[in-house]
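Q: The structure under discussion is supplied below as structure tokens; questions concerning it will follow.
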Amino acid sequence: MIGIVGGTGDFGQGLSERLRRIGEEVELGSRTPHAEFVSNRECAEDADIVFLSVPPDGLAEMCSTLAGNLEGKIAVSVASPIVFEQGRAGAAPGEISLAEIAAQAAPGARVVAGFHTVSAKALARVDDPLDEDVILCGDDEEAKGVVASLAERLVEGRAVDAGRLEVARWLEPLTAVLLNVNRRYKANTGIRVSGLP
């Protein structure tokens, strides 16, 4: 089962529908369980792969709270250090990435960083194909391979392995770049990596 902690937002809703359409069982978590949403703790406990669809300022606390439930699980960190000034997107990364912070807060989790270049709005348009690649990084090669296989069932492109988890320090702010491109061109863009074998 795939769990989406913080599954109430556009990213979680779009991802869950796309996962269901490829035959995956999905459970959505929320701080306030209701209707189709279970608690974030129950979601993390039930799932084998857990997407951490949590605002950046709440990621460390959430991972610390759920550390026991995430033990041995693949946890996909999708958070980006985005800030908005006068309506324009920027990034305010710390010394280490949000994914590394998640790994420190839940040391038993097998953290993979990815999906930062996949627009939540594009995900939500579930009838439109995602004509892009997904960039991943992580220290657990097996976990990264599992997430890569899943990603390649969701996008038209491929999963691109960008290396160790520390690479998330440069991957996460790419969201701000794409948000500004989208604003300028009134689009929902993604990334394709060319020249790969």
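Q: Can you list residues whose amide H is under 5 Å from residue 135's amide H, if they're 5+ apart or on another chain and H is modeled 1.01 Å from N?
A: HN-HN under 5 Å from residue 135: 115, 116, 117, 160.
Q: Oh, and also: Name the lysines eligible as straight-distance cross-link partners of residue 121: C-alpha to C-alpha under 27 Å, and not fewer than 8 places from it in the same chain.
A: 144, 186
Q: Separate question: Take the alpha carbon atoms of the stretch 33-49, find their center, do the same for the stretch 122-155, and report the distance between the two centers in whole angstrom.
A: First find each Cα centre; the distance between them is then 21 Å.
Q: So if each residue of separation counts as 0.36 nm, and I subtract the Cα-Cα distance between residue 104 and residue 64, what length gain in nm does that give?
A: Values: separation 40, 0.36 × 40 = 14.40 nm, distance 0.85 nm.
Answer, rounded to one decimal: 13.5 nm.
Q: For residue 126 and residue 31, calculate 0.36 nm times their separation in residues minus their Cα-Cα distance, and state this gained length in nm to one decimal. Write out the running numbers ahead of the final one.
A: Working: separation 95, 0.36 × 95 = 34.20 nm, distance 2.49 nm.
The span from residue 126 to residue 31 would gain 31.7 nm if fully extended.
Q: Further, regarding this structure: Which percent of the accessible heavy-atom area of the chain goes to carbon and sulfur, probe 1.4 angstrom?
A: Values: 4640 of 9460 Å².
Percent of accessible area from carbon and sulfur atoms in the chain: 49.
Q: List the relative contact order of the chain as a percent without decimals, with contacts defined as Cα pairs under 8 Å and 6+ residues apart.
A: On the way: 428 pairs, mean separation 38.0, N = 197.
Once normalised by length, the contact order is 19 percent.
Q: How large is the convex hull of the Cα atoms of the stretch 51-197 per residue, expressed in Å³ as a whole number? The partial results should precede the final answer.
A: Values: hull volume 16.6 nm³, N = 147.
Roughly 113 Å³ of hull volume per residue.
Q: So in the chain, what percent of DSSP beta bridges are antiparallel if you round to the nearest 5?
A: Working: 8 of 29 bridges.
Restricted to the chain, the bridges split so that about 30 percent are antiparallel.
Q: Positive end of the charge dipole of the chain (Lys, Arg +1 and Asp, Glu -1 on Cβ, about the Cα centre): tell me which of 75, 107, 173 has its Cα farthest that way.
A: My answer, from the dipole projection, is 173.
Q: Treating only the Cβ of Lys, Arg, Asp and Glu as charged (+1, +1, -1, -1), what charge dipole size does the chain show about its Cα centre? Round to the nearest 20 debye.
A: Values: 19 positive and 30 negative charges, 152 e Å.
Around 720 debye, computed over the chain.
Q: Run the paramagnetic zone check for residue 22: 7 angstrom along Cα to Cβ, then residues of the stretch 108-125 with backbone nitrogen under 18 Å.
A: 112-125
Q: Further question: Sort the following peptides by mean Cβ neighbour count (other Cβ atoms within 10 Å, averaged over residues), highest first: 183-190, 74-81, 167-174, 119-126. Don't jump to the answer; show the numbers that get you there.
A: Details: 183-190: 12.9, 74-81: 26.2, 167-174: 20.4, 119-126: 17.8.
In decreasing order of mean packing, 183-190, 74-81, 167-174, 119-126 become 74-81, 167-174, 119-126, 183-190.
Q: Return the loop-located GluC sites (Glu not before Pro) in the stretch 113-159 (DSSP other than H, G, I, E, B) with at most 15 other Cβ atoms within 10 Å of their own Cβ; answer none if there are none. Each step should come with its number before you reach the end.
A: Numbers: sites: 132, 141, 142, 152, 156; in loops: 132, 156.
Answer in residue order: 156.
The values are calculated or read from the model by the stated rules, or taken from the named source; none is laboratory data. A quick note: this is a predicted structure, and the numbers were derived from the prediction, not measured. Counting neighbours? That spans all protein chains shown, and the Cβs are built from the backbone with ideal geometry, glycine included. Heavy atoms of the whole protein, side chains included, go into the accessibility calculation; ligands, DNA and RNA do not. Shrake-Rupley method; radii C 1.70, N 1.55, O 1.52, S 1.80 Å.
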